[in-house]
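The values are calculated or read from the model by the stated rules, or taken from the named source; none is laboratory data. Here the structure is a predicted model, which is why all the values come from computation and not from measurement. With ideal geometry, Cβ positions are generated from the backbone for all residues, glycine too; neighbour counts draw on all protein chains shown. Accessible surface areas use protein heavy atoms only, side chains included; no ligands, DNA or RNA. Shrake-Rupley method; radii C 1.70, N 1.55, O 1.52, S 1.80 Å.
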Amino acid sequence: MGTVTMAQALNAALRDALREDDRVLTFGEDVGRLGGVFRITDGLRDEFGERRCFDTPLAESGLVGFAVGLAMGGFRPVVELQFDAFAYPAFEQIASHVAKMRNRTRGRVPLPMVIRVPYGGGIGGVEHHSDSSEAYYAHTPGLKVATPATVEDAYWLLRDAVHDPDPVVFLEPKKLYWSKEDADLARRGAAPTGRAVIRRPGRDATLLAYGPCVPIALDAAAEAARDGIDVEVMDLRTLVPFDDETVTASVRRTGRCVVVQEAQGFAGMGAEIVARVQERCFHSLEAPVVRVAGFDVPYPPPKLERAYLPGVDRVLDAIHRLQFDDQPDVLHLAPEAS
């Protein structure tokens, strides 16, 4: 037990995976000698050598294609794509080959590989360094998609991803790399992959969030409690597979729901979540489901980042729009306006 950052937990997960299985490799741009831009692979090259932790050329499509061949050959590659938007040159490989190989071969050729993607804003990065691209991967059949919000989940979700027989896109919230928790990574307390977790119980409304938005949701719930609104906060943890069972049970019990995402609102992951909640919980809802999201514009310069990203105030506004104050007219506001 000790204080651990998310970056340290991810590093420990990779180190333990490399120690336990000689088939595990990790590689990417600046992953070896530098230890990664965010130091997630720090020390792994020195401990395991250049054949198992190594740098690659600046060619995302090539290194993902290389990982496909390694996985077909019996290895378990863990690829780091240095920033979220840097992954787009590799998307053809991901969508056409990584996601489809098992289906294409009628199950004979699985691809046990992990694609690590530092994603999201909050670090003062410019465009191409702050995208929330989860909807692209979640929309692609054949991929599993996970995104941790806690130190413990960072460790165990990554360990599970490395062991998974299918390809996993592992989205790491950059602004949470330096978050700290008291954690014992040697003892599993985290829920299994594929299950959502209630981070704060409540009775009046359900607040659904994932990755970088979970701490914001928790802060908003704490503020709402001062107004007498008891909000349940659920961390989705994995977007694919999606835990309909846990989400549905919570919303049916509370009767109200807000979905929070950092990505732009139009056609985002939040839209899919809202549709699933509406379909399964329609007769239990006391108000329409509301979304809080980034604006439908390209990612702004660092000075405008705080205005773009969903914050506590915008989440609180959405919570108060759930008909608690008997003002049904405000419910006609479009979700994108939140």
| said: Which count do you get for residues in region 184-204 that are β-branched (Val, Ile, Thr) and buried (at least 16 other Cβ atoms within 10 Å of the Cβ)? | reply: 2
| note | Per the filter on region 238-262, residues touching a Gly at 6+ places or on another chain (Cβ under 8 Å) and buried (at least 24 other Cβ atoms within 10 Å of the Cβ) are Thr238, Val259, Val260, Gln261, Glu262
| message | Test of understanding: among Val24, Val37, Val79, Val68, which residue is modelled with pLDDT under 95 and of a type in the set (A, V, I, L, M, F, W, C)? | response | Val37
| said: Looking at region 101-110, can you tell me whether even one residue there is part of a loop (DSSP other than H, G, I, E, B), in contact with a strand residue (DSSP E or B) (Cβ under 9 Å, 6 or more places away or on another chain) and farther than 30 Å from Ala249 by Cα? | reply: no
| note | Residue set Leu207, Leu171, Leu218; condition under 13 Å from the mean Cα position of the chain (by Cα) and either surrounded by fewer than 16 Cβ atoms within 10 Å (Cβ to Cβ) or outside any loop (DSSP other than H, G, I, E, B) (or both); output residue Leu171
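Residues are listed down the side, and each one gets a yes or a no for (1) over 22 Å from Thr150 (Cβ atoms); (2) part of a helix (DSSP H, G or I); (3) over 17 Å from the mean Cα position of the chain (by Cα):
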residue: Val214; (1), (2), (3): no, yes, no
residue: Ala225; (1), (2), (3): no, yes, yes
residue: Gly228; (1), (2), (3): yes, no, yes
residue: Leu239; (1), (2), (3): no, no, no
residue: Phe266; (1), (2), (3): yes, no, yes
| Sole residue being over 21 Å from Arg276 (Cβ atoms) and crowded, with 18+ Cβ neighbours inside 10 Å, chosen from Glu152, Glu181, Glu232, Glu223 | Glu152
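This table checks each residue for (1) among the aliphatic types (A, V, I, L, M); (2) farther than 17 Å from Arg19 by Cβ; (3) surrounded by fewer than 19 Cβ atoms within 10 Å (Cβ to Cβ).
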| site | (1), (2), (3) |
| --- | --- |
| Asp42 | no, no, yes |
| Cys53 | no, no, no |
| Gly69 | no, yes, yes |
| Pro77 | no, no, no |
| Ala90 | yes, yes, no |
| query | Any idea how many residues of region 46-67 are touching a Leu at 6+ places or on another chain (Cβ under 9 Å) and of a type outside the set (Val, Ile, Thr)? | reply | 11
| Pair list, Cβ under 9 Å, 6 or more apart: region 280-298 residue part of a loop (DSSP other than H, G, I, E, B), other residue open to solvent by 90 Å² or more (accessible area, probe 1.4 Å) | Leu285/Arg252; Asp296/Phe266; Pro298/Glu127
| said: Going by what's in this entry, would Leu316 be described as open to solvent by less than 40 Å² (accessible area, probe 1.4 Å), at pLDDT 95 or above and under 19 Å from Ala217 (Cβ atoms)? | reply: yes
